[in-house]
Amino acid sequence: MLLPGAAALSAVVVAGLQPPARSQTAISQAVEIGVYSGRHYNTDKALYREFTRRTGIKVNLLESKDDALIERLRTEGNRSPADVLVLVDAARLDKAADLGLFQPARSASLMRDVPLNLRDSRGRWFGLTRRVRVAVVNPKLVNPATIRTYADLAKPKLKGKLCLRDSKSVYNQSLVADQLILRGEPATRAWVRGMVANVTQPFFTSDTPLARAVAKGDCGVGLVNTYYVARMLAGDSGNADKALAQQLKVVFPNPAHVNISGAGVTKSSRNLEAATKLIEFLASPTGGRGYAEANNEYPLKGYGNNPILKGFGTFKADGVSAEQMGARNRQAVNLMQTNGWK
Amino acid sequence: MIAAPPTRGSGRSLLAIAVVVLAALALLPVVGLAVFAWMGPAMASLALGPAGQEQMTNTVLLVLSVGVLGAALGTANGWLTANCSFAGSRWLRIAQLLPLATPAYLLAATLIDLGSRNSWRIHGLLWAITVLTLTTYPYVFLLSTESFAVSGTRQLEASRSLGVGPWGSFRRVALPMALPAIGAGVALSGMEVVNELGAVELLGVPTLSSGILQRWQNDGDPQGAVALALIALVIVSLLVAAERQLRRRSRRWLMGSGGDRQAPWALSGWRATIAQLLTLLPPVATLGLPLLWAGLSLDQLQSEPPEELLTLGSRSLGLGLLAAALTVAVGLVLAIAKRWIPQPLLQRLSFLAGMGYAVPGTVLALALMLIGGPWQLSPLLLLVWGYSDRFLAVAKGGLDAGLERIAPSVDEAATGLGCSWTAVLRRVHVPLLQGPLLVGGLLVFVDTVKELPLTFALRPFDFDTLSVRVYQYASDERVGAALIPALLILLLGLAAALALVPSLNREASVTAD
C-alpha cells in the first residue's frame, strides 16, 4: 500500500535533487566558469545570462553570505570550482586577498573602468559598485544642518537621539576603519565614545528597522547605507515604508565614506581569461549599471540614472582607498568593542 | 535497560558491526574537529574573555529558561489535549503541531519587522527565550502526549477508579510515566537552542553559536571556533546526561494495551478557558504572526518565476524526504542495538552518535568540508551526511523512549516462539514503534526543510533551497522577496505536521479499542 506513495515520492526526490542541467557534451567543450557571490539579486542572474549570450561563457552560480564563501573557498583550496569571487564590502575583499584566495588579473579595461582607489593595487580585486554610509535625520527632532560630518554625531547635543547598528555590521566596521585612516586613532576613539554615549537604545541588528525608527521619531538620527533608504522610497518594502522614508532627510557627511562591492579571480581558477572577462563585463558601464541598479547602488563613476539616488543630491567622496580600509578592519573592530560599541 | 538479547551469533555481530560503522560515520566529523582544534593553538583560545563569558552566560540562560518553559508548556498541552475535553480540544490538539512549521529565524524576523513598524523594539534575551520556547516546545508536546495517550492508560484507569481526580492522576501517575519522554523532548530543545543562530543574531543576543561563527569567520581563527564549539558540546552533554539520569529513575513499561478508554475529563468554566488559551497561544503566535506579516506585506510582494519556486520547493522536499528516511533508518538500527547488545562500549557509541545535534551547523559544515575535500566527495552526499548526523538525535530520542516502554518480556516471548532477531524487529518492534518512527521521520523532515547553516555552506552550484533563499533575502533586509519562499516553507512544514495527525488520532483509537 505504501509502495505507490513511496514511488511517487522518490520521483519527486530524484527530480528535486537532480543537479541543474550542465552542458556535459565533451565535444562542445563550452567554457564554464563558477561564480561565488555574496550578492543575492535576481537581476544579477539576468546579467550573467547576458554575459553568456555575448561571450558564450556559461556561468555557474553559488550565492551565499560573504564570510561563508571565503571560508568555503579556503577549505576547498586548489580544488575549488569557483573562478570568480564576488564580495560585498572592502574589508571582506581585502581579507580574501590576504588569505591568498585571489590571483592578479591583468586587464587594460579594468584599469580604465575601475578608479584607482576602488581596486587592489596588485590587481587581485576590483570594485564594481559604490555605496555610501549616510546620516538619516528626522527633521522634527534634529536639524539636518547640524550634521555636516561624521564627527558631528558625537556631539553631546544628540544624547538620546542617535541610533546605531551594532558593531557586527561590516558597514560600520569599514566606516570606523575609514575614520581611523582620515583622523587617526585618538580622534576616532573619542568619536566612537562620544557616539556610544549618545546612544540610549539597544544597538540595531539591521539598517531598515533603524531607518524606520528615525522616521517614526523613535530616534532623531541614524547611520545607514544609501540603498536601504532608496529601497524604501522605491516602495520595495511597501507603501507604509515609502511614506516613512519620505519623512527622512538623507545627509551626506562631508567628506563621505564610500564602500564597495567587488570581485576578483580566484587563485584556484584555471579559466583566468574567462573569469577576467566576466569581471570586465561587470565593471563596464553596461554591466556595471545593471549591477548597481539591482540594489540602488552608485556605479563606479558618477551618480548613474537612478532617479531616487539623484534625489539624494551629490556627495564628496573622502577618497580613502578600499584596500586601506580593509587593512584597518581588525583595528577598527577592536576599537569599537573596547569602547562600548556592542 | 537491556532486554534479553534475541540476537545470537552472526545476527548479533552483524548488528554490532552496523553500530560501529554508523557511529563512526556520525562521529567522524566531531573527531576530525577535535584533531583539527588540537593541531592549532586552540587550548589557548579556550580562554573565553569577557565576550566569551557573555556568550556562555546567555547560552546557559537560554537553554535553562527555554527548557523549563518548554517542558511546562509542552507537558501541559500534551496532557490537556490527550486527557481532557473542552470546546475545540480536538482541533487544538492538532494545532499543537503548527509551531513545528515555523523556523525560529523566520519568527524572529517577522516579530522584528512587525515591531519596527509599530515602534516596538523586539530585542534581547527575553524575546529570544519567547521565540525559542514557542518554536521548540512541540518536541516536548509530541513525545509527552504520545505517552499520555497510549502508555499510561491502564494505570490512569486504576487511579481514576480509586477516586483520584484529574490533577492527582496527572501528578501521581501520568507525569512520572511521561518523564522519559519529557526529558527526551527537553534535551532535543536544548540542543536546538545551543545551535540556534539566525534568531539570536537577529535579536541581538550574543551566544556561543554566534561566537563560534565570529571566531571562525571574522577573526579567522577556526581552531578557536572549534574550541568554543567543544564547550557548547560539553553543555549539551551535561544536558543529555541529566536527561538519562532522569530516565533511569523512572523506568516503567507499558504492560499490554489499555482497556476501555474512559471518557476524558471534561473541563468547563475558567478551567476550559485556561486550557483553550494555553493550547491556542503557541499556534497563533508561531503561524498566525508570520501569516499576519504576510498579509500586511502583500504590497511589497516580489514573486520569482513559478518554475523557479517549483525547483526550490522540490529541492527542499527531496532533501527533506531523503534525510528523513536515512536518519530514521540509522536511528532504528542504533536504538535496537542499544536494546539488544549489552556491550558497554557499543552502548556508549550508540549514545555518542547522537551528539551531532549539539554541534553547531556551521562547525559541522566545516568538519564535513575538511573530510570531504581530500576525498572529492560530492557536495550533495556531504549535505545528506550532515543532515543525518545532525538530526540523528531527533529520530533516536523518540525511538529510545518508545523502546523503553516496550517491556523486555515482549522480546523474550517473541524469541521464545522462535522468531529470529530480524523477525522480532519486523513483526514486533516496528509495528509497536510506528508512532515514534513516523514522528521522528517527520521531525527530521521539517528540521531539514528549515535547516540553514549546513545547506548554506555545503550546497553545490545553482542549488538553492527555500530556506537558503529566505535567509538570503531576509539578511539583505528584503522582506518582500523573502515572503513567498517563506510561505512555502510554512506550507511544507504544515503538510508534515498534518501528516502527523493520523498518528495522533491513532493513539486515541488504539486506546479506544
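The values are calculated or read from the model by the stated rules, or taken from the named source; none is laboratory data. No experiment lies behind these values; they were computed from the predicted model shown. Ideal geometry is used to build each Cβ from the backbone, glycine not excepted, and the neighbour counts take in all protein chains shown.
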>> Six or more apart or on different chains, Cβ atoms under 8 Å: show the pairs whose first residue is in region B:162-177 and surrounded by fewer than 16 Cβ atoms within 10 Å (Cβ to Cβ) and whose second is among the basic types (Lys, Arg).
In response: B:176/B:252
> residue A:264 passes all but one of (1) crowded, with 24+ Cβ neighbours inside 10 Å; (2) at the interface with chain B (Cβ under 10 Å from one of its Cβ atoms); which number fails?
Replying inline: (2)
> Within region A:106-116, is there a residue that is more than 24 Å from residue A:310 (Cα to Cα), within 14 Å of chain B (Cβ to nearest Cβ), more than 14 Å from the chain's Cα centre (by Cα) and hydrophobic (A, V, I, L, M, F, W, C)?
Replying inline: no
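Quick test for you: out of A:186, A:209, pick the one residue that is assigned to a helix (DSSP H, G or I), facing chain B (nearest Cβ under 10 Å) and out of contact with any Lys or Arg (no Cβ under 8 Å at 6 or more places or on another chain). Spell out how you get there, then give the answer.
Details: A:186 fails: facing chain B (nearest Cβ under 10 Å).
Every option except A:209 fails the conditions.
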>> Give me the residue from region A:40-60 that is under 18 Å from the mean Cα position of the chain (by Cα) and buried (at least 20 other Cβ atoms within 10 Å of the Cβ) and, out of that set, farthest from the other protein chains (Cβ to nearest Cβ).
In response: A:47
> How many residues are at the interface with another protein chain (Cβ under 10 Å from one of its Cβ atoms) and either buried (at least 23 other Cβ atoms within 10 Å of the Cβ) or in contact with a His (Cβ under 9 Å, 6 or more places away or on another chain) (or both) if we restrict to region A:73-91?
Replying inline: 3
> Failed condition for residue A:174, given (1) within 14 Å of chain B (Cβ to nearest Cβ); (2) under 30 Å from residue B:118 (Cβ atoms); (3) within 16 Å of the chain's Cα centre (by Cα); (4) at pLDDT 95 or above, with all others met?
Replying inline: (2)
>> Could you tell me how many of the residues in region B:458-489 are surrounded by fewer than 24 Cβ atoms within 10 Å (Cβ to Cβ) and away from chain A (no Cβ under 12 Å)?
In response: 3
>> Among the residues that make up region A:288-301, is at least one of them assigned to a loop (DSSP other than H, G, I, E, B) and small (Gly, Ala, Ser)?
In response: no
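Go through region B:264-286 and report how many residues are part of a helix (DSSP H, G or I) and in contact (Cβ under 8 Å) with a residue 60 or more places away in the chain.
Counting residues in region B:264-286 that are part of a helix (DSSP H, G or I) and in contact (Cβ under 8 Å) with a residue 60 or more places away in the chain gives 11.
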> Tell me, which helices (runs of 4 or more DSSP H) wholly within region B:374-449 include 1 or more residues that are within 30 Å of residue A:77 (Cβ to Cβ) and in contact with a Ser or Thr (Cβ under 9 Å, 6 or more places away or on another chain)?
Replying inline: B:379-404
> Among the residues of region B:120-134, which ones are at the interface with another protein chain (Cβ under 10 Å from one of its Cβ atoms) and crowded, with 19+ Cβ neighbours inside 10 Å?
Replying inline: B:122, B:123
>> Quick check on region B:1-53: of everything there that is modelled with pLDDT of 80 or more and closer than 12 Å to residue B:336 by Cα, which residue is surrounded by the fewest Cβ atoms within 10 Å (Cβ to Cβ)?
In response: B:18
>> So residue A:338 passes all but one of these: (1) within 26 Å of residue A:37 (Cα to Cα); (2) modelled with pLDDT under 95. Which condition number does it fail?
In response: (1)
>> Filter region B:287-312 down to the residues that are within 10 Å of another protein chain (Cβ to nearest Cβ), touching a Leu at 6+ places or on another chain (Cβ under 9 Å) and part of a helix (DSSP H, G or I) and list them by number.
In response: B:296, B:298, B:300, B:312
>> Condition check: surrounded by 19 or more Cβ atoms within 10 Å (Cβ to Cβ) and modelled with pLDDT under 95. Does residue A:208 satisfy that?
In response: yes
> Looking at (1) within 12 Å of another protein chain (Cβ to nearest Cβ); (2) part of a helix (DSSP H, G or I); (3) touching a residue at least 60 places away in the same chain (Cβ under 8 Å), which is the only condition residue B:357 fails?
Replying inline: (1)
>> I'd like to know if region B:85-102 contains one or more residues that are within 26 Å of residue B:484 (Cβ to Cβ), buried (at least 21 other Cβ atoms within 10 Å of the Cβ) and within 14 Å of chain A (Cβ to nearest Cβ).
In response: no
>> Please pick out the residue among B:321, B:326, B:289, B:281 that is under 17 Å from residue B:467 (Cα atoms) and either out of contact with any Cys (no Cβ under 9 Å at 6 or more places or on another chain) or buried (at least 20 other Cβ atoms within 10 Å of the Cβ) (or both).
In response: B:321
> If the Cβ limit is 7 Å and pairs must be 6+ apart or interchain, which residue in region B:133-147 that is of a type in the set (S, T, N, Q) pairs with which residue that is crowded, with 24+ Cβ neighbours inside 10 Å and outside any helix (DSSP H, G or I)?
Replying inline: B:135/B:102
> Looking at region B:122-207, what helices (runs of 4 or more DSSP H) fall wholly within it and have at least 2 residues that are closer than 17 Å to residue B:440 by Cα?
Replying inline: B:125-146, B:175-195
>> Quick check on residue A:265: is it at pLDDT 95 or above, more than 24 Å from residue A:103 (Cβ to Cβ) and touching a helix residue (DSSP H, G or I) at 6+ places or on another chain (Cβ under 9 Å)?
In response: no
